[in-house]
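The values are calculated or read from the model by the stated rules, or taken from the named source; none is laboratory data. Everything numeric here is computed off the predicted structure, so don't read it as measured data. Neighbour counts run over all protein chains shown; Cβ positions are idealised from the backbone, glycine included. We work out accessible area using only protein heavy atoms, side chains counted, and drop any ligands, DNA or RNA first. Shrake-Rupley method; radii C 1.70, N 1.55, O 1.52, S 1.80 Å.
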Amino acid sequence: MIQKILVIGQAPPKQFQKVPYDTTMIYSWLQEVDVTKDEAQEIFDWEAVYDKFPGYDKGAHAVPTPEEMEYYWEMTLRDKVIDSRKIWVLGSTARQFLENKEEMKDKYVIYTIHPSTRNKRLYNKVKADLLHDLKMFINN
């Protein structure tokens, strides 16, 4: 059995999605590196640094509190990180929370911008590098 790549974002959206990250740009990114939406469900294990929608702040999703993230880390996420070889971290909230965790050391990790459509302009600036790095990460 092939071990799935752990993808860690900020938190789930307010409304349930049958397919994780369905309202973001992530599947168009993956399509650019020859991974279909269906294939993505097979090769990725979708997670977040908090398991509940944290509400809104200034029109965007609020950032979970450090206490909320730490609680979820201890209850669930830590074990998933320990059991993973490859981890894709989405966005600055997840990165800031995870990058200094001892359990992240010795893992093959890629950090990218969050695939929110609010980041479309930034994505267009970093697209070539992001897609190159993502393709290398998935295929190695």
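Would you calculate the separation in nanometres between label points at GLN41 and TYR108, each defined as 7 Å from the Cα along the Cα-to-beta-carbon direction?
Result for the modelled spin labels: 2.5 nm.
Local charge sum around LYS18 (other residues, Cβ-Cβ under 14 Å, Lys/Arg +1, Asp/Glu -1)? All intermediate terms of the calculation are to be shown ahead of the outcome.
On the way: positive: LYS37; negative: ASP22, ASP38.
Net of charged neighbours comes to -1.
Once you place label points 7 Å from the Cα toward the Cβ at LYS101 and GLN15, how far apart are they in nm?
In this crude label model, LYS101 to GLN15 measures out at 3.0 nm.
Report ³J(HN,Hα) in whole Hz for each residue of the range 84-97, in order, from the Karplus equation J = 6.51 cos²θ - 1.76 cosθ + 1.60 where θ = phi - 60°; Gly and Pro get x.
9, 9, 10, 9, 10, 9, 9, x, 6, 4, 5, 4, 4, 6
Can you give the extra length, in nm with one decimal, that the chain gains between GLU68 and ARG85 once fully stretched, where that is 0.36 nm per residue apart less the Cα-Cα distance? Let's see the in-between values first.
Details: separation 17, 0.36 × 17 = 6.12 nm, distance 2.48 nm.
Residue separation times 0.36 nm, minus the Cα-Cα distance, leaves 3.6 nm.
Sorting check: for 5-11, 42-48, which peptide has the highest mean count of neighbouring beta carbons within 10 Å, and how do the rest follow?
Going from most to least packed, we get 5-11, 42-48.
In the range 83-108, whose amide N lies under 19 Å from the spot 7 Å out along Cα-to-Cβ of ALA60? List them in ranges.
89-99
Mind checking which lysines have their Cα closer than 16 Å to the Cα of LYS52? Skip sequence neighbours fewer than 8 apart in that chain.
Cα-Cα hits under 16 Å: LYS14, LYS18.
Taking only DSSP H segments of four or more residues, each worth -39500 (n - 2.57), what value at 222 nm results for the chain once the sum is divided by all its residues, to the nearest 500 deg cm²/dmol?
So the calculated ellipticity at 222 nm is -11000 deg cm²/dmol.
How much of the calculated P(r) for the chain lies past 27 Å, in percent of all Cα pairs?
16 percent
So what is the accessible area of the chain per residue, in Å², with the probe set to 1.4 Å? Before the final figure, lay out the partial values.
Details: 8670 Å² over 140 residues.
With the other protein chains kept in place, the chain gives 62 Å² per residue.
When the chain is modelled as a GNM with alpha-carbon springs shorter than 10 Å, which of LEU130, LEU90, LEU122 fluctuates the most?
LEU122
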